[in-house]
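Worksheet for the structure shown next.
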Amino acid sequence: MNSSKSALQISVVGGGIAGVALALDLCRHAHLEVKLFESAPAFGEVGAGVSFGANAVRAIEGLGIGAAYQAIADRTQAPWQDIWFEWRRGTDGGYLGSSIYEGVGQSSVHRADFLDVLATELPLGIAQFDKRAVSVEQSVGQRPRVTFSDGTCNECDVLIAADGIKSSIRDHVLSGLGAPLVAPRFSGTTAYRGMIDSETLRAAYRAQGIDEHLVNVPQMYLGLDGHILTFPVKQGRLINVVAFVSDRTHPNPKWPADKSWVKPTTQSEMLQAFSAWGDAVRVLLECIPHPTLWALHDLAELPGYVHGRVALIGDAAHAMLPHQGAGAGQGLEDAWLLARLLGDPQAVETAPEDLLKIYDAIRRPRACRVQRTSWEAGELYEFRDPVIGDHEPQLSSTLASRFDWVWGHDLHKDLEDARRLLNWKATPPAL
Ligand SMILES: Cc1cc2nc3c(=O)[nH]c(=O)nc-3n(C[C@H](O)[C@H](O)[C@H](O)COP(=O)(O)OP(=O)(O)OC[C@H]3O[C@@H](n4cnc5c(N)ncnc54)[C@H](O)[C@@H]3O)c2cc1C
């Protein structure tokens, strides 16, 4: 890190996957001085799994943490290594089809392990904890200033808000753009989550004469107004389970403002929600004695991610429903592109406002499309797609190819487009 006067000072607010990934790439560049402010006393993630598509895995590699990621990531064993999920009927476990991405399939990791890898790579002194951003001020052409709840402030050249779906900085960006403010909205879907020791699940399936293949390969069970996913984490020692239930009786469902989005719940409540489903699902859920219940929220598509020298990334910009396993991956794509732009020495000669505008122009259309199609995926899985409904042949052919555009995205083309729009010199050797 360079602390000379010409260094560009970048402050990142929020130490989740998106913020830490960005900070650790930025702090490798000599012309950047990076600070990360996290509201919690330490980095932390929930004890659950997260799955990454091929696009996210490429972003992770581009951020320089590919080897560290692969050392902790799970991959389905051959000959099923290219399968993202197998799709099954919830009522009887009948096979409907598979989604396949050659070379990646399902790449998943325990969240806390992944954040640990990111945090370990971050040099000491970059992160400051117990720093809750409460407000931002910036005047045209001036450096933004963020104020924290302890009364301290930080001034920088570029401020990146990676502070999640409840972002404290999003209002500043939207009001700066003259746009209406956007609050998280409850989707009507809640999710029961749990982790199962894979040997426990294997034994339970064996005892009931259920094929152990369902433990070996990521599964998605579909039904009316519900679906359940399973995939391995911790090198296959644990199976991550998320069981979604949707109430579509209200057009604009509301989650009480004073009620937590995550709470412990009972196994009997979860089993009751899936009482009409088949044995494979029942035995799976019976292996989760203490599930938690999550109220799933997302954001409406924003009209902009950038105001002046302040930019939103990750869930602060585009929190989405988890139905394509793509939310964190979109945050990693944001981090990858911003790091390539800010990390280029030409960034020092470029007005930060112009650079951030290009980030917005490149990233927002794609992130919005992933957001939109994540909601649509939930409708499809739960037999509520207006065209397909529960028509199985159409479901299986749609599911076979509907994610290809998300996974096959060319990040380097994004970078080339951004550089062209910035009138920058030819691309330096790829990092
Ligand atoms: C049930 C479920 C399953 C999911 N599964 C997947 C999946 O399989 N694959 C996938 O890609 N995505 C998945 N997602 C989405 C994914 O979890 C999120 O997109 C991702 O974690 C967002 O990362 P982030 O860094 O943007 O935000 P966050 O993880 O929310 O991090 C924000 C950070 O900012 C800090 N912070 C908040 N406010 C402030 C403040 N005012 N000042 C300073 N710091 C602050 C927080 O403490 C936190 O550390 C899932 C989501 C859910 C709910």
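For this structure, a couple of remarks:
- Qualifying residue in region 64-83 (condition: outside the structural domain of K234 (by TED's automatic domain parsing), within 12 Å of the ligand (Cβ to nearest atom) and among the hydroxyl-bearing types (S, T, Y)): no
- Any hit, region 389-411, residues being free of Cβ contacts under 8 Å to residues at least 40 places away in the same chain, over 23 Å from G62 (Cβ atoms), among the hydrophobic types (A, V, I, L, M, F, W, C) and assigned to a helix (DSSP H, G or I): no
- Region 171-184, residues that are under 22 Å from P256 (Cβ atoms) and out of contact with any strand residue (DSSP E or B) (no Cβ under 6 Å at 6 or more places or on another chain): D171, L181, V182, A183
- Failed item in (1) in the same structural domain as S268 (by TED's automatic domain parsing); (2) free of Cβ contacts under 8 Å to residues at least 60 places away in the same chain, with L201 passing the rest: (2)
- Of the criteria (1) crowded, with 17+ Cβ neighbours inside 10 Å; (2) over 30 Å from V281 (Cα atoms), which one G64 fails: (1)
- Residue in region 23-30 that is within 7 Å of the ligand (Cβ to nearest atom), assigned by TED's automatic domain parsing to the domain that holds I313 and either part of a loop (DSSP other than H, G, I, E, B) or of a type in the set (S, T, N, Q) (or both) present: no
- Within region 166-186, considering residues that are under 18 Å from the mean Cα position of the chain (by Cα) and surrounded by 21 or more Cβ atoms within 10 Å (Cβ to Cβ), the one farthest from V241 (Cα to Cα): R170
- Near pairs, Cβ below 7 angstrom, 6+ apart or cross-chain, from region 48-64 (closer than 16 Å to D410 by Cβ) to any residue that is part of a loop (DSSP other than H, G, I, E, B) and within 7 Å of the ligand (Cβ to nearest atom): G53/G325; G53/A326
- A single member of V117, V140, V134 is more than 15 Å from S51 (Cα to Cα) and surrounded by 15 or more Cβ atoms within 10 Å (Cβ to Cβ), and it is V117.
- Some residue of region 73-91 being more than 30 Å from D279 (Cβ to Cβ) and within 23 Å of the chain's Cα centre (by Cα): yes
Listed here are the residues, each with its yes/no results for (1) surrounded by 21 or more Cβ atoms within 10 Å (Cβ to Cβ); (2) under 17 Å from R193 (Cα atoms); (3) touching a residue at least 40 places away in the same chain (Cβ under 8 Å).
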residue	(1), (2), (3)
H213	no, no, no
I228	yes, yes, yes
P232	yes, yes, yes
V241	yes, yes, yes
V245	no, yes, yes
R248	no, no, yes
P253	no, no, yes
D258	no, no, no
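- Within region 13-34, the set of residues being touching a Gly at 6+ places or on another chain (Cβ under 9 Å) and farther than 18 Å from G331 by Cα comprises R28, H29, H31, L32.
- Residue selected from region 145-183 under the condition of a type in the set (D, E) and within 15 Å of the ligand (Cβ to nearest atom), by the criterion nearest to L26 (Cα to Cα): D163
- Residue within region 276-294 that is touching a residue at least 40 places away in the same chain (Cβ under 8 Å) and within 27 Å of R366 (Cα to Cα) present: yes
- Criterion violated by V46 - all others in (1) farther than 20 Å from L338 by Cβ; (2) in a loop (DSSP other than H, G, I, E, B); (3) near the ligand (Cβ under 7 Å from one of its atoms) satisfied: (3)
- Filtered by the rule that a residue be touching a Ser or Thr at 6+ places or on another chain (Cβ under 9 Å) and more than 6 Å from the ligand (Cβ to nearest atom), region 306-315 gives H307, G308, L312.
The values are calculated or read from the model by the stated rules, or taken from the named source; none is laboratory data. These numbers come from a predicted model, not from an experiment. So basically every Cβ, Gly included, is an ideal-geometry build from the backbone, and we count neighbours across all protein chains shown.
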